[in-house]
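First comes the structure, then the notes that go with it.
Where a number appears in this text, it was derived from the coordinates with a stated rule and is not lab data. Small disclaimer: the values here were computed from a predicted structure and weren't measured. Ideal geometry is used to build each Cβ from the backbone, glycine not excepted, and the neighbour counts take in all protein chains shown.
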Amino acid sequence: MAKDKTITLTDEFIMHTYKRVPLVIIKGKGIYLWDSRGRKYIDFLGARGAANMGYSDPEVVRAITTQARELILVTNDFYTRPQAELARLLVKYSFAKKVFFCNSGAEANEAAIKLARLSSYRKHGPGRYVVVSAINSFHGRTYGALSATAQKKYQAGFEPMVPGFRYVPFNDTDSMRAALGDDVCAVILEPVQGEGGVYPATAEYMESVRDLTRRKDILFIVDEVQVGLGRTGRLFAYESYGIEPDIVTVAKSIAGGVPMGAVLATGPVAGVFDHGTHGTTFGGAPIAAAAGLAAMGAIIRRRLPANAKRLGDIALRRLSKLKETYGTIIKDVRGIGLIIGIEFHDAAFAAAVYDRCLEDGLLTNLTNGTIIRFLPPLIITVQELARGLDIFEGALAHRHFE
Ligand SMILES: *Cc1c(COP(=O)(O)O)cnc(C)c1O
């Protein structure tokens, strides 16, 4: 069969930074995606956490189209209403007193790291700039965020990294304690290591990191770019852990699929970013902020965090049973809310299950070779979830008995 024109053009004219599934996606609605050949897929990849509201949600579409007719963009030389309203909403439902808007997860972490360093500099003077992050983390691809991303495969060839980052094993309180010297200004952690293969932090770990950092006046940055806005069962993931961070970063799902990121901070920390210290042309643009207002409003009003918790529990129960049945194949099942990882003993087997799911109309994600990850839109229903899991179970059985 002749190669699709879109694929040919992409291969010729776009840098090959992505390993793409050979599908041309032309439409999305709810939890479903359609390809150029008219095939419909259940999407358990959920745009890697950017599609909490699913695709082309009517409320988000209405907000975007209405705003586009009024004003798509004006720079932050001026005040705009959607941005102000979205900030108020984020503050109302979080620990934060103020926010900074940007355009992506990497940018949000970049801003959070700068904010932490400046905060420490103003308060304690120079020399206290080290940011501690966890091995196997993912915080983005820009230099600051990449320097915090303690994984060789992302940093290789791009060295030297930004100075002043220190890496510790995840979920290990003693190592964290040992790393928090007098030169440390901040700790940055994902509540669930998503790209790293779905490793949730334990509650004890998050609590002790909060305790240790507070005692040393070190800022605790929680990177909720992937799991924020409802996925863990609470609006913000830190709530699932019963802690209060100093800084939280969000992005992926904040604006219903439109690019946006945000840094949320406590009053004293937020006050450090004053005129000229940081900025970005598109941050909080009317079109993105209007989409964000619609998306966040809907997530709250439709109680999607509670749906994530309930359906996540159902999925975990069913997958744990599958693990019992397929104990020689499945190594581990883990997750919180609607971020779930199924780890296989064997990479070839995981790849075969992934491929079979794709053939049978279920989009998933294969991460770190042996882990299949589910990040379905939070609007998913019990029936839709069951249908997706049926396909996954069928793929397992098919491969197993081949
Ligand atoms: C995706 C992700 C990022 C980077 O976000 P981009 O918008 O791709 O820059 C940062 N942190 C976490 C936890 C992520 O999952």
Region 346-382 residues near the modelled Ile314 label - backbone nitrogen below 16 Å, point 7 Å along Cα→Cβ: 375-382
DSSP-defined antiparallel bridges as percent of all bridges, the chain, nearest 5: 65 percent
Prolate/oblate/rounded call for region 1-56, Cα gyration tensor, a/c under 1.5 rounded: oblate
The chain, helix-only ellipticity at 222 nm - DSSP H runs n ≥ 4, -39,500 (n - 2.57), divided by all residues, nearest 500: -12500 deg cm²/dmol
For the chain, built as a Gaussian network whose Cα springs stay under 10 Å, the top-fluctuating residue of Lys98, Lys114, Lys27: Lys27
Under-5 Å amide H pairs with Ser137, H placed in peptide plane, nonlocal only: Ala150
Rg [Å, one decimal], Dmax [Å, integer] - the chain, C-alpha atoms: 21.1, 65
Packing-based order for 253-264, 71-82, using average beta carbon neighbours within 10 Å, highest first: 253-264, 71-82
Three-way shape label, region 82-207, alpha-carbon gyration tensor, a/c 1.5: rounded
Distance between region 258-311 and region 49-121 - C-alpha centres, whole angstrom: 4 Å
Peptide ranges 142-153, 84-95 listed from the most packed, as the mean C-beta count within 10 angstrom indicates: 142-153, 84-95
Residues of type aspartates and glutamates that Lys29 reaches as a straight line, Cα spacing below 16 Å, ignoring anything fewer than 8 places off in the same chain: Asp43, Asp57, Glu59, Glu384
Top of Phe374, Phe13, Phe138 by mean-square fluctuation, Gaussian network on the chain, Cα under 10 Å: Phe13
Sequence-distant residues sharing a close amide H with Cys102 (under 5 Å, placed H): Gly261, Ala262, Val263, Gly284
Relative contact order (%) - criterion: Cα under 8 Å, at least six apart; region: the chain: 22 percent
Under the Karplus curve 6.51 cos²θ - 1.76 cosθ + 1.60, θ = phi - 60°, whole-Hz ³J(HN,Hα) for region 371-383, x wherever Gly or Pro sits: 10, 8, 10, 10, 9, x, x, 6, 7, 4, 9, 4, 5
3J(HN,Hα) from dihedral phi, region 345-351, Karplus parametrisation 6.51/-1.76/1.60, rounded to Hz, x for glycine, proline: 5, 10, 5, 5, 5, 4, 5
In order through region 292-304: 3J(HN,Hα) via Karplus (6.51 cos²θ - 1.76 cosθ + 1.60), integer Hz, x for Gly, Pro: x, 4, 5, 5, 5, x, 5, 4, 6, 5, 8, 6, 5
For region 200-231 versus region 346-399, the gap between their alpha-carbon centres in whole angstrom: 30 Å
Tensor-based shape of region 213-328 (alpha-carbon gyration tensor, a/c under 1.5 rounded, otherwise prolate or oblate): oblate
Under-5 Å amide H pairs with Thr266, H placed in peptide plane, nonlocal only: Lys97
Relative packing of peptides 381-392, 196-207, 272-283 - highest average C-beta neighbours within 10 Å first: 196-207, 381-392, 272-283
Listed residues Leu115, Leu229, Leu212, most fluctuating in the chain (Gaussian network, C-alpha, under 10 Å): Leu212
Over 21 Å between alpha carbons, listed pairs Lys19/Lys331; Lys19/Lys321; Lys40/Lys252; Lys123/Lys216: Lys19/Lys331; Lys19/Lys321; Lys40/Lys252
